[in-house]
Every structure is written in structure tokens, then in C-alpha cells.
Amino acid sequence: MTSEPRTSDELLDAVGPAFSKLRRTSLLEVENPISAKDLSRTLVLNLVLEHTRDSDQEITVGAVADLLAVDPSVASRMVTDNIKAGYLIRAASQQDGRRTVLQLSPQGAELMDRFRRHQRSAFEYITADWPEKERLEFARLMLKYVDSLAELRERGLARDSKGS
């Protein structure tokens, strides 16, 4: 067990290394374990799920590349891997028939359900000895942080479009 940072600077400096450890906890041997390969696939599946929640929203390989901040060829390989695994389906856009969009297959939806259950089990396992108030506050603050990340990206996109 590491000692807790004592000063504000030490605490803030410790955040970065803590984030790098978070993803590894997803492989904990808890209920419904997820393979390392499927864990990496969920990066793409989660984006597709998030960006197609509303029936009129669509997502393309190019959008996956932008959202993951990777080269389009890397995104294409990641998407193809998910298609070959049976988790994604390519479909014609309902908004523009010339465009190909991505959709979760039933197997992809099942994997994401299992992944969400796994993530919750891991969180509950890791925080099992925390007071309930702290567990819920940490969950609330984590969600707030993620929402702020999305807002930061939107501000950056708005700034970039003004500069163009």
C-alpha cells in the first residue's frame, strides 16, 4: 500500500499515474471476466453505443478515428476486428445512403452489457471497504470528470472551427 500524498501538489501530481492504473483494474478476476482482447474492443463498441443512442445519430469509421484520436487506418483495423468478432455491423446510412455507418450487433450489445456488469463488479470489489457515502461521491465525481472531458472536446472543436 502506498502512502497518501500529503500536499495539494503531491495529490494532483499523483492523479496521472492513478489514471494509468485504472484501465488495468478492468481485468480484475471478478464476475464475468472480460478478456484483454475484448477489453480493447470495448473502446470502439462503447463509442458506437454512445454515439448511436438516439435513433437519428450515426457513427462512421472516420468518427471513431477522431474520437479515439488515432489515424483512420488504425480505426479501420479496430473496426474490422470488431466486425470479424461479430460485435459490429456495417450498414448504409439512413441519412445519406452513400455513407457506411457502424451499428452494434446483438453479440456486441451482449458484450457491452457484460462489460458494464464487469466494470460495476470491479468498482464494488475495489471499494468494498469504503463507506457508502465515499463510494457514491467518487462515482459522482468520476462521472462529472468524464462530462467535463466531453465539454473540453466540444470547446476545442468550436475553437478549431472558428480558426478555419
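The values are calculated or read from the model by the stated rules, or taken from the named source; none is laboratory data. Everything quoted here is computed from the prediction, not taken from an experiment. Ideal geometry is used to build each Cβ from the backbone, glycine not excepted, and the neighbour counts take in all protein chains shown. These area figures cover heavy atoms from the full protein model, side chains too; ligands, DNA and RNA do not enter into them. Shrake-Rupley method; radii C 1.70, N 1.55, O 1.52, S 1.80 Å.
Couple of notes before you dig in:
- Candidates are the residues of segment 104-151 that are open to solvent by 90 Å² or more (accessible area, probe 1.4 Å) and in contact (Cβ under 8 Å) with a residue 24 or more places away in the chain; the one that is farthest from Asp81 (Cα to Cα) is Tyr125.
- Residues of segment 79-93 satisfying the condition of being among the hydroxyl-bearing types (Ser, Thr, Tyr) and modelled with pLDDT of 95 or more: Thr80, Tyr87
- For Val64, the criteria (1) modelled with pLDDT under 90; (2) open to solvent by less than 30 Å² (accessible area, probe 1.4 Å); (3) of a type in the set (A, V, I, L, M, F, W, C) hold in every case but one, which is (1).
- Hey, Asp81 within 22 Å of Val44 (Cα to Cα) and loosely packed, with under 12 Cβ neighbours inside 10 Å or not: no
- Enumeration of residues in segment 105-164 that are at pLDDT below 95, of a type in the set (Gly, Ala, Ser) and under 23 Å from Asp66 (Cβ atoms): Ser148, Ala150, Gly156, Ala158, Ser161, Gly163, Ser164
- Of all residues in segment 80-88, none are among the small types (Gly, Ala, Ser) and under 22 Å from Ala150 (Cβ atoms).
- Pairs with Cβ under 7 Å, 6+ apart, first in segment 11-25 and in a helix (DSSP H, G or I) and of a type in the set (Val, Ile, Thr), second open to solvent by 70 Å² or more (accessible area, probe 1.4 Å) and at pLDDT 80 or above: Thr25/Ile126
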